[in-house]
Amino acid sequence: HLSIGPILHLYTAMCGFVPPVVTSSPLDYAIYYATPTEFMFDRKSGQRVMATLHDIRRSLIGATKTLITNLILMSLFSSYNYEPFQSMNAREESLSSIRDYLDMKHLGNCFITAMMFQQLVGLFGSATALTIEVMTGYRAVESMRNPVMEATSPSDFWGRRWNVAVHGVLKRGVFQPVRRFSSSFVAALMAFIASGLFHEYLVHLTVMYNKEPRVADDIF
C-alpha cells in the first residue's frame, strides 16, 4: 500500500475524484498524499470528521487488543512455522491435485495464515490510525473490522471489513474513473483486476524474492 497508494492517489487527482477537503490546507494535502490511512468524511459537508476523546480511546483499545492477539498467535504457532496441521504443503511436498488443496489440514493452515495476515495488517492500520488521530485530530477509519470471523457475505467481507484503506483507494482511483465511461460491472471488474495485480505484486516482493535458491539442490 505504501508504494501503490500514492500512485493511485495521483491518478485519482488527475481524474478529479479527490475529496474537496484535501486541498483546503497544506496539512490536509500532505496527510492525504503521504499516509496510508483512510479518513472519515461528512457526507453532507464533505469535511473530515474530527476525532473525539472517545474515538481516540477506542482506537487505543483496538490497537492494544490487536497487538495482544498478534503476540498470542505468534506464541502459539511460531514453533510450527505457522502451519500447525501436517498437510502436504507443511511437509514441503507439492500440492498436485484439487483434493490436496481441499484437504482439511491444508485448509486449516490457510485459515491460520489468513488470521495472522488479518491481525498483522490490522495492527499496522490501527497503530497508524491512532497516531494520525492523536497528531491531527481527524477521525480515521478502522482498517480491519475482523472480516474473517464477522463478515456476513462476500460483499461485506471485501467492501466493508477487509482492509478498508485499500478499498477506498481502489474505489476513488479505479472504480469511479472507469465508471465515468462505462458500466458499474466493468468498473467493479477493473477494480478487482487492479486489486489482484496489487496483491500479486506484494506476494512477488515478499515471497518470491525471499525464497532460498534451490539451484544446488537441483544439481546435486
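A few points about this structure:
- Helices (runs of 4 or more DSSP H) (entirely within the stretch 107-180) containing at least 3 residues that are under 18 Å from ALA194 (Cα atoms) and open to solvent by less than 40 Å² (accessible area, probe 1.4 Å): 164-170
- Taking the stretch 41-56 as the range and being part of a loop (DSSP other than H, G, I, E, B) and open to solvent by 60 Å² or more (accessible area, probe 1.4 Å) as the test, the residues that pass are ASP42, ARG43, LYS44, SER45, GLN47, THR52.
- Contact map, the stretch 182-201: first residue without any contact (Cβ under 8 Å) to a residue 24 or more places away in the chain, second residue open to solvent by less than 50 Å² (accessible area, probe 1.4 Å) and not in a helix (DSSP H, G or I), Cβ cut-off under 9 Å, separation 6 or more or different chains; pairs are MET190/SER182.
- Test: VAL134 is touching a residue at least 12 places away in the same chain (Cβ under 8 Å), farther than 16 Å from ASN70 by Cβ and aliphatic (A, V, I, L, M): yes
- Positions within the stretch 22-40 being within 24 Å of the chain's Cα centre (by Cα) and either touching a residue at least 12 places away in the same chain (Cβ under 8 Å) or open to solvent by 60 Å² or more (accessible area, probe 1.4 Å) (or both), in sequence order: ASP28, TYR29, ILE31, TYR32, TYR33, ALA34, THR35, PRO36, THR37, GLU38, PHE39, MET40
- The combined condition, being out of contact with any His (no Cβ under 7 Å at 6 or more places or on another chain) and at pLDDT 85 or above, is not fulfilled by SER195.
- Residue among SER79, SER59 that is open to solvent by 50 Å² or more (accessible area, probe 1.4 Å), part of a helix (DSSP H, G or I) and either in contact (Cβ under 8 Å) with a residue 60 or more places away in the chain or small (Gly, Ala, Ser) (or both): SER79
- Checking each residue in the stretch 49-70 for being out of contact with any strand residue (DSSP E or B) (no Cβ under 8 Å at 6 or more places or on another chain) and closer than 12 Å to GLY137 by Cβ picks out THR52, LEU53, ASP55, ILE56.
The values are calculated or read from the model by the stated rules, or taken from the named source; none is laboratory data. Owing to the predicted nature of the structure, the values given are computational and were not obtained by experimental measurement. Glycine also receives a Cβ, built like all others from the backbone with ideal geometry; neighbour counts cover every protein chain displayed. Remember, those area values only see protein heavy atoms, side chains included, never the ligands or the DNA or RNA. Shrake-Rupley method; radii C 1.70, N 1.55, O 1.52, S 1.80 Å.
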